Amino acid sequence: MKQYQTQKELQEYLQSTSKSIGFVPTMGALHEGHLSLIQTAKGQCELVVCSIFVNPTQFNDPSDFEKYPKTLEEDLQKLTEVGCDVVYFPEVQDIYPDGMDNLPSYDLGNLERVLEGKFRPGHFQGVCVVVDRLLQAVQPGYLIMGQKDYQQVAVVERLLALTSHNCKLIACPTVRENSGLAMSSRNMRLNEEQREKACAIFKGFESSTQEEYQQRLLDAGFDSIDYIACCDPNTLELKPWKAKPCVILIAAFIGGVRLIDNQIFA
Ligand code: AMP
C-alpha cells in the first residue's frame, strides 16, 4: 500500500496511473464499517484511495475534536489487510495551507438548518470544504460513503451538484455490531456497560411512537437526546411517524459521547 502525507506526492503518484479511482474519505480509528466501504470501492474501481484526516473545521465542539480517537498504526495495518492501494494521511497544513479562516461557503439550503445542521452549527460547511479539497486532490470517479451519516450523504450529493467534480457518489449500508449498535469510531469512548446500553438506539427504531423511542433511550441510561425525527428520505422534511417512505434519524448522548443513527422505512 502506497502511503502519502502530502497532496504533492499523492498527486504525482495518481497522475502516473490511468486506473479508475474509488475514494473513501475517513477520520481514522477504522472499524468494519469503514472497511466495508473499501471493499465496495475495490469491487467498483481499479485503484482504491483512502484518506485519514480528522478535519478540525467540521467539529463544532472542541472537546469532541480533542477526544477523537487516533489509531494510525492499526488503521494502516487494517487498510493493508483489506487490500487498499493508497492511503493519504495529511497534516492540517496540507489541507489548509492558508489557514482555516476565510474558507469558502456552500449553499446547502435547508439541509444545513435541520437535524445535524441545527445541532452542529458549521459542521456541514466544514465537511464540504474538506471533501471538496480531497476530491480536488484525488479526482476519483467514485466517492464511497456510509449511509450511517445519512444527512452527510445528502450534503455531499448537493456539494457534487454545486461543484464540477466529475464523480459519482455511492452510499453503502450501515455496518452494525451483533447488538445492532451502528459501528462508529466514537464507540471506542464508551465503556462496556455503556456500549451494551447504546444498542437501545437500534432497538428503538421499532417504537410505535416518537415518545416511546425517547422513553426507551432514557430508560436505557442515555443522558440526553438532540433529536428523534421522522423525515422524507430525499428532502429531510418532517413527516408523521413512520409514514412510508421515510427515514428515522436520531442523535443522542450516552456517557458524554454523541451517537447518531438512522433507519429507512421504504
Ligand atoms: P468517519 O471516519 O466517521 O468520518 O466515517 C468515514 C466514512 O465511513 C463515512 O462515509 C461514514 O458514513 C462511513 N461509516 C462510518 N461508520 C459506518 C458504519 N457503521 N457502516 C458503514 N459506513 C460507516
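Every number here is computed from the coordinates shown, using simple stated rules; none is lab data. Since the model is a prediction, treat every value here as computed from it, not as a measurement. Every residue, glycine among them, receives a Cβ derived from its backbone with ideal geometry; neighbour counts consider all protein chains shown.
Let's test the formula: R0 of 22 Å, r as the Cβ-Cβ distance of GLU81 and SER18. What FRET efficiency results, to the nearest 0.05? All intermediate terms of the calculation are to be shown ahead of the outcome.
On the way: r = 27 Å, r/R0 = 1.21.
Here the calculated transfer efficiency is 0.25.
For each of SER207, SER18, SER224, count neighbouring Cβ atoms within 10 Å of the residue's Cβ, then give the residues from fewest to most.
SER18, SER224, SER207
In the chain, how does Rg compare with the Kirkwood Rh, expressed as the Rg/Rh ratio over alpha carbon atoms?
Value, to two decimals: 0.96.
Using a Debye calculation, one point per C-alpha and no hydration shell, please list log10 I(q)/I(0) for segment 83-192 at q = 0.19 Å⁻¹ in order.
-1.22
Below 20 Å, Cα to Cα, which aspartates and glutamates can LYS203 reach? Residues fewer than 8 away in the same chain don't count.
Those aspartates and glutamates meeting the cut-off are ASP149, GLU177, GLU192, GLU193, GLU211, GLU212, ASP219, ASP223, ASP226, ASP261.
Taking 0.36 nm per intervening residue step and subtracting the Cα-Cα distance, what contour gain separates GLU211 from GLU192 on full extension?
Length difference between fully extended and current span is 4.1 nm.
With each run of n ≥ 4 DSSP H residues scored as -39500 (n - 2.57), what mean residue ellipticity at 222 nm is computed for the chain after dividing by its residue count and rounding to the nearest 500 deg cm²/dmol?
Result for the chain, helices only: -10000 deg cm²/dmol.
Please compute the Kirkwood hydrodynamic radius of segment 1-129 from all pairs of different C-alpha atoms, in Å with one decimal.
16.1 Å is the Kirkwood radius here.
Which residue, TYR13, TYR68, TYR213, tops the fluctuation ranking in a GNM of the chain built on C-alpha contacts under 10 Å?
TYR13
Enumerate the aspartates and glutamates that LYS78 could reach by cross-link, defined here as Cα to Cα under 14 Å, with residues fewer than 8 away along the same chain left out.
Qualifying aspartates and glutamates at Cα under 14 Å: GLU32.
Let me make sure I get this right: for segment 92-145, a, b and c are the square roots of the gyration tensor eigenvalues over alpha carbons, sorted descending. Under 1.5 in a/c it's rounded, otherwise prolate if a/b > b/c, else oblate. Which is it?
Note, shape of segment 92-145 comes out oblate.
Given the pairs LYS70/LYS118; LYS148/LYS239; LYS148/LYS244, which are separated by over 25 angstrom at their Cα positions?
Going by Cα-Cα distance, LYS70/LYS118 fall outside the 25 Å limit.
Could you give the semi-axes, largest first, of the ellipsoid that matches segment 154-266, computed as the square roots of 5 times the alpha carbon gyration tensor eigenvalues and rounded to whole Å? Can you show the working numbers first?
Working: eigenvalues 140, 70, 28 Å².
Over the Cα atoms of segment 154-266, the ellipsoid semi-axes are 26, 19, 12 Å.
List the lysines whose Cα lies under 18 Å from the Cα of LYS19, skipping any in the same chain that are fewer than 8 positions away.
Filter leaves LYS2, LYS42, LYS168.
Over its Cα atoms, what ratio of radius of gyration to 2.2 N^0.38 Å does segment 199-247 give?
1.16
For the chain, calculate the relative contact order in percent as a whole number, restricting contacts to Cα pairs under 8 Å that are 6 or more residues apart. Could you put the intermediate results ahead of the total?
Numbers: 454 pairs, mean separation 47.0, N = 266.
With pairs under 8 Å counted, the relative contact order is 18 percent.
GLN139 to GLU237: extension gain in nm, 0.36 nm per residue of separation minus the Cα-Cα distance?
Working it through step by step, the gained length comes to 32.1 nm.
When only C-alpha pairs under 8 Å and at least 6 residues apart count, what is the relative contact order of segment 168-266, in percent?
Computed over segment 168-266, the figure is 23 percent.
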